[in-house]
Amino acid sequence: MARTKPTPKSRSKSKSPVKPKSAKSAAKKARAPKTPSKRAAKSTTTGFDAKKALHFYREMLLIRRFEEKAGQLYGMGLIGGFCHLYIGEEAVITGMKAAVIDDDSFVTSYRDHGHMLACGMDPNGVMAELTGREGGYSRGKGGSMHMFSAEKNFYGGHGIVGGQVPIGTGLGFAFQYRGEKRVSLTFLGDGALNQGQVYESFNMAALWKLPVVYVIENNEYAMGTAVDRAAASGSALYLRGEAYGIPGMPVDGMDVFAVEEAGKQAVDHARSGKGPFILEMKTYRYRGHSMSDPAKYRTKEEVDKVKHEKDPIAHVRQLLLKHKAADEAALKNIDREVKEIVAEAAEFSRTSPEPAASELYTDILDES
């Protein structure tokens, strides 16, 4: 399969960055952000778009089935190292992808397989990278947490907690510097939100009004500690940008339509030159932090309750049936097609050759 280099191409002539104003003048003109609603944004059911709903259903189902298969391959010993599954959180990236244009960029943490698929990266290449094969996006040398595609404007996949936030902020700076009307979508978890580099990024983005949307995927448990025990005002993480004048909004991250609506509002804000925006996605992961996490910090009953009452894929499925946009047979056919794609990816990940020994010396800096 064709692979793309991770080096982004310049799309226009460089322009000088917006110069920061003096502290005195900024203080005079600074306006406190409007107090966002404390109620998570939810979608409306009016004007049901059957085509869009079917697209969302298929995209989320692809992520779910892909992650289930990745979990199986990990259990079989075919995937080594760390593996963080996105099962339960599919609505977040699916809705946000629908809220942007193709030129906008994405960067996230190590729970990244779903983001890659939503950005249009080849499932074969993603799965082959998980198994460390030559056909993977990083030629088998990056694994689960380190995949990139400049062609799809996906900049990782980063293993350092919070380390992607300065990178996403830098992408926003680059877009502004070049005079491009692009937005950087920067994803982070609730656990990463207490990292100092996050607030340095907030400050810079607000100071220069960079086109960045910070998407907090609050799955309630970070690496294993409940958010209310780990974060001050744990139920209102979207307010963390108030000190910098960054507006924020809570969103029902289990509702793909609500995510899309809130995403469009945030992206429009950033693209129009008003600066960064924070979205807190109230979501939930069904599996442990990683495949090695037994998740004993919560009960099975709690997880089952969320699955039964708020599953993002089941929600869209019910709407499709309610509005007669699809019947059971059509939905089963979509599931069959998705499973075939995932099965092909799994087979490719097993049959693609391992990297040659010479690959140890490629893609590294040589200053000699």
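The values are calculated or read from the model by the stated rules, or taken from the named source; none is laboratory data. What you see is a predicted model; the values in this text were computed from it and never measured. Note that we place each Cβ from the backbone using ideal geometry, even for glycine, and neighbour counts take in every protein chain shown. When the accessible area is computed, the model is the full protein with side chains, heavy atoms only, and any ligands, DNA or RNA have been set aside. Shrake-Rupley method; radii C 1.70, N 1.55, O 1.52, S 1.80 Å.
General remarks:
- Each listed q (0.08 Å⁻¹) maps to a log10 I(q)/I(0) for segment 59-194, found by the Debye formula over equal Cα scatterers with no solvent: -0.19.
- Counting only DSSP beta bridges whose two residues both lie in the chain, roughly 5 percent are antiparallel.
- The calculated FRET efficiency for K307 paired with E347, based on their beta-carbon distance and R0 = 30 Å, is about 0.55.
- Sequence-ordered 3J(HN,Hα) estimates for segment 339-350 from the Karplus curve with 6.51, -1.76 and 1.60 and θ = phi - 60° stand at 4, 5, 4, 5, 5, 5, 5, 5, 5, 4, 5, 8 Hz, glycine and proline given as x.
- Distance in nm between pseudo-label sites at A150 and Y361 (7 Å out along the Cβ direction from Cα): 2.4
- As a calculated quantity, the FRET efficiency between F48 and Q197 at R0 = 45 Å, using C-beta atoms, amounts to about 0.60.
- For segment 129-242, the calculated P(r), taken from all Cα-Cα distances in 5 Å bins from zero up to the bin holding the longest distance, is 2, 11, 18, 20, 17, 15, 10, 5, 1, 0 percent.
- Build a GNM of the chain with springs between Cα atoms under 10 Å apart, and of Y284, Y297, Y221 the one that fluctuates most is Y297.
- The label point for D293 and the one for D103, both projected 7 Å from the Cα toward the Cβ, are 3.7 nm apart.
- Theoretical gain in end-to-end length, A226 to Q318 [0.36 nm per residue, Cα-Cα removed]: 30.1 nm
- Percent carbon-and-sulfur accessible area, the chain, ignoring ligands, DNA and RNA, probe 1.4 Å: 53
- When Rg and the Kirkwood radius Rh are both evaluated on Cα atoms of segment 213-368, their ratio Rg/Rh stands at 1.07.
- Flagged links, alpha-carbon separation over 23 Å, of K52/K339; K141/K282; K264/K305; K152/K332: K141/K282; K264/K305; K152/K332
- Taking all Cα-Cα distances within segment 198-277, those exceeding 16 Å account for 55%.
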